[in-house]
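The values are calculated or read from the model by the stated rules, or taken from the named source; none is laboratory data. Owing to the predicted nature of the structure, the values given are computational and were not obtained by experimental measurement. Cβ sites come from the backbone with ideal geometry, for glycine too, and all protein chains shown count toward neighbours.
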Amino acid sequence: MRLGPFILRRLAISIFVLFGLSILIFLIARVVPGDPARMALGPRAPVDVVERLRQQMYLDKPLLQQYGLWLRDVVTHGNLGDSLLTRRPVKQDIREFFPATLELVGLTAIFIIIAGISLGVISARYANTWVDKVVRLFSYLGIVTPAFAWAVILMLLFCFVWHLFPSYGRLTEGVMPPVTITGMYTVDSLLNGRLDLFWDAVVHLILPAIALALPPMSQAARLTRSSMADNQNKDYIASMIAYGVPNRVVTGKYLLKPSLISPITVMALDIAATFGYAFMVEKVFGFPGLARYGIQVMLNKDVNAIVGVVMVLGVVFITLNIVVDIIVAYLDPRIRLLGRSV
Amino acid sequence: MTTEGMLTSSSLKNPWGRTLYSLKRTWYKFSRNWLSVLGLVIVVTIVFLAVFAPYVAPYPQHAGKFVDFKGKNQPPSWQHLMGTDTIGRDILSRIIFAFRNALLMAIVVLAVSVPLGTLTGLTAGYYSGTWTDTVIMRVTDVFISIPPIILALSIAAVLKPTLMNSMIAVTVSWWPWYTRMTYSLASSIKNEYYVQAAELTGASKIYILFHEILPNCSSSLFTKMALDVGWVTLVGAALSFVGLGEQPPKPALGTMIAEGVERMPAQWWIALFPALAIMFVVLGFNLFGDGIRDALSPEEA
């Protein structure tokens, strides 16, 4: 097992990328035309108050020094500055809204992985039969319809035509949320032993999660099918079958493992991109998560909060990529042992 | 199908005949798949609607500042095939005009990101293993370290919300993906014998990059461009959905959905038809792009 050095190398690259991302997003936030401090406080705020905020945000210093001071605050105190919109530390805002989105994206990821891979396997197993054709047609439609269009369609059907699911929020109106432990209602309600609350939270999550999951899930199904179909004709599979290895073992162990490499890589990218599409889906379902907070701060040019949200999502995305690289390295010994992708 | 058998000496002698011949052959392969042809039909329809919007839209004046409170919130009917919105504007007409901005955005974004991405990717790929490669690809890594939609949203957020700025935002987050694709193609093509042969005969770097390597990346590039028209439309719609794109009263698919969501479920048509319109665009360009990929791929007829 030579996974250790591989992971270390991967971590080093990630820290570099994260550092680069912080420079990029900091530069973007500083090209705002106009004075962020003035914009935050409004045109009628007294000059000395604006000046104090400018000093707090280091806007009176040269750009390079601004970045240096900002980075120092982030690294030493985890301090992302104050939100100009909510007047609270950005860190606190993110801590409040992030668990909701994490919960949503988590459920979405479960849907993507389970449904995507199983649909792909079924489609490959019954290649060129009607089952395969239905799955392929369905996944094509899934890919080309953006998550927020799905959100509109699903909401219309399941909330208003059939009244099966609630259309708004994280919990039924008037229900008290569970005692905060992680901030994720599903987890907190279970930790509190409140099954009714757990069910209520799950019911509110299902539709947005399906809307978010449909496009990436379809993509995963398509990739799994095509890479399984490619590998099915390889010599080693033919020899397995000739040796009399049971079909279940051939498919489950020898065919599925190498076939999952490309779908897993793409699924990770897609799950991360889900944080982006959650911006729209959360808006449709009135779901109070990080994405909805993100939209609010973006519309209000709240630069500190924008930088904070992007950096948090950047960390999530990069962590996810490391995890996937490790899984792929585990699946593909060529990467693990030679340290290169194929 | 053997290609040599169909080549006549006259068609090979002049280069135009050869181009025409290869176009014909590509079209033949393309037209064999009815899904690709369906994609082409959708693409042509969208382009036609966008170009001739003032002539084909049933109520062209509804695309701009227009208010008719008497005719507001009407469900789909023969007068208004997709109904009217909260201030009485015909939704079909607004969708047709929104196609204009969507296509314009895709053209601008691709016109900048494709040359930029291809150039950087070719250079980094050809000089792979040198510091040129390292610098270009590490910068690219930073740009693609977050999903393009989040990067585009945050750039659009700090700029003024206009169509032009949303184009800039999408372009900045789009080019690195072309760099990465061209890079991976170029870094493997440069080891082919024909590239080495060109190097041995003393061909210039420019010649090798643009005459030996680039043509062999072109089929992947064309395919990605065709697919990306759909995806750029989607991201553009996402930006305007949030409120960071084209501003009302000008029509944008995302803005229309956002307005419609407020009116669900009573006036369901306001959100549903623009959502289906986005689906139509992405579907069309996806089928078309897949068709191009199949038609340009060298294996099997």
Check: Can you tell me which of A:Val328, A:Val309 is at pLDDT 85 or above and either in contact with a helix residue (DSSP H, G or I) (Cβ under 7 Å, 6 or more places away or on another chain) or not aliphatic (A, V, I, L, M) (or both)?
Finding: A:Val309
Check: Counting just the residues of segment B:88-132 that are under 30 Å from B:Gly64 (Cα atoms) and small (Gly, Ala, Ser), which one comes out modelled with the lowest pLDDT?
Finding: B:Gly88
Item checked: Out of B:Phe241, B:Phe210, sole residue that is in contact with a Gly (Cβ under 8 Å, 6 or more places away or on another chain), in a helix (DSSP H, G or I) and not basic (Lys, Arg) -> B:Phe241
Check: Of the residues A:Ile237, A:Ile335, which is part of a helix (DSSP H, G or I), modelled with pLDDT under 85 and surrounded by fewer than 21 Cβ atoms within 10 Å (Cβ to Cβ)?
Finding: A:Ile335
Checklist line | Counted residues, segment A:291-332 - those being within 14 Å of B:Val242 (Cβ to Cβ) and more than 11 Å from chain B (Cβ to nearest Cβ) | finding: 1
Next item on the list: Answer with yes or no whether B:Leu119 is assigned to a helix (DSSP H, G or I) and in contact (Cβ under 8 Å) with a residue 12 or more places away in the chain.
Entry: no
Margin query: Of the conditions (1) within 25 Å of A:Phe138 (Cβ to Cβ); (2) within 9 Å of chain A (Cβ to nearest Cβ); (3) in a helix (DSSP H, G or I), B:Phe273 satisfies every one except a single condition; which number is it?
Written below: (2)
Notebook entry, point to check: Among A:Val266, A:Val250, A:Val245, which is the only one that is without any contact (Cβ under 8 Å) to a residue 40 or more places away in the chain, assigned to a helix (DSSP H, G or I), of a type outside the set (Ser, Thr, Tyr) and surrounded by fewer than 24 Cβ atoms within 10 Å (Cβ to Cβ)?
Noted result: A:Val250
Check: Out of segment A:159-177, which residues are over 15 Å from A:Ala209 (Cβ atoms), of a type in the set (A, V, I, L, M, F, W, C) and out of contact with any Leu (no Cβ under 8 Å at 6 or more places or on another chain)?
Finding: A:Phe160, A:Val161, A:Trp162, A:Met176
Next item on the list: Can you give me the number of residues within segment B:132-191 that are at the interface with chain A (Cβ under 10 Å from one of its Cβ atoms), in a loop (DSSP other than H, G, I, E, B) and of a type in the set (D, E, K, R)?
Entry: 1
Check: In this structure, is B:Gly71 of a type in the set (Gly, Ala, Ser) and within 24 Å of B:Arg293 (Cβ to Cβ)?
Finding: no
Next item on the list: Take segment A:154-188 and flag every residue that is modelled with pLDDT of 85 or more, surrounded by fewer than 18 Cβ atoms within 10 Å (Cβ to Cβ) and within 25 Å of the chain's Cα centre (by Cα).
Entry: A:Phe158
Check: Restricted to segment A:121-142, and to residues that are crowded, with 20+ Cβ neighbours inside 10 Å and either touching a Phe, Trp or Tyr at 6+ places or on another chain (Cβ under 8 Å) or within 14 Å of another protein chain (Cβ to nearest Cβ) (or both), which residue is farthest from A:Glu282 (Cα to Cα)?
Finding: A:Ser139
Checklist line | Among residues of segment A:269-317, those that are in contact (Cβ under 8 Å) with a residue 60 or more places away in the chain and closer than 28 Å to A:Leu11 by Cα, counted | finding: 19
Next item on the list: Look at A:Gly116 and say whether it is at pLDDT 85 or above and away from chain B (no Cβ under 14 Å).
Entry: yes
Next item on the list: Determine the pairs where a residue that is over 14 Å from A:Ala149 (Cβ atoms), located within segment B:236-251, has a partner that is modelled with pLDDT of 90 or more and charged (D, E, K, R) with Cβ atoms under 8 Å apart, the partner being 6 or more residues away or on another chain.
Entry: B:Pro251/B:Arg94
Item checked: Within segment B:255-265, tally of residues that are in contact (Cβ under 8 Å) with a residue 40 or more places away in the chain and surrounded by fewer than 21 Cβ atoms within 10 Å (Cβ to Cβ) -> 2
Check: Any chance segment A:201-209 includes a residue that's in contact (Cβ under 8 Å) with a residue 24 or more places away in the chain, under 30 Å from B:Ala277 (Cβ atoms), in contact with a Lys or Arg (Cβ under 7 Å, 6 or more places away or on another chain) and surrounded by 21 or more Cβ atoms within 10 Å (Cβ to Cβ)?
Finding: yes
Check: With A:Ala272, A:Ala220 as the choices, which residue is at the interface with another protein chain (Cβ under 9 Å from one of its Cβ atoms), under 22 Å from the mean Cα position of the chain (by Cα) and crowded, with 23+ Cβ neighbours inside 10 Å?
Finding: A:Ala272
Margin query: I'm told B:Ile95 meets every condition in (1) of a type in the set (Val, Ile, Thr); (2) touching a residue at least 12 places away in the same chain (Cβ under 8 Å); (3) within 14 Å of another protein chain (Cβ to nearest Cβ); (4) closer than 30 Å to B:Glu212 by Cα except one. Can you identify the failing condition by its number?
Written below: (4)
Next item on the list: Please work out if A:Phe285 is crowded, with 24+ Cβ neighbours inside 10 Å, within 14 Å of chain B (Cβ to nearest Cβ) and either out of contact with any Pro (no Cβ under 6 Å at 6 or more places or on another chain) or β-branched (Val, Ile, Thr) (or both).
Entry: no
Next item on the list: Kindly check whether there is at least one residue in segment B:254-262 that is of a type in the set (Gly, Ala, Ser), facing chain A (nearest Cβ under 9 Å) and under 21 Å from B:Asn165 (Cβ atoms).
Entry: yes
Check: Based on what the data block shows, is B:Pro274 out of contact with any helix residue (DSSP H, G or I) (no Cβ under 8 Å at 6 or more places or on another chain) and touching a residue at least 12 places away in the same chain (Cβ under 8 Å)?
Finding: no
Checklist line | Single unsatisfied condition, B:Ile278 versus (1) more than 15 Å from the chain's Cα centre (by Cα); (2) surrounded by 20 or more Cβ atoms within 10 Å (Cβ to Cβ); (3) of a type outside the set (S, T, N, Q); (4) facing chain A (nearest Cβ under 7 Å) | finding: (1)
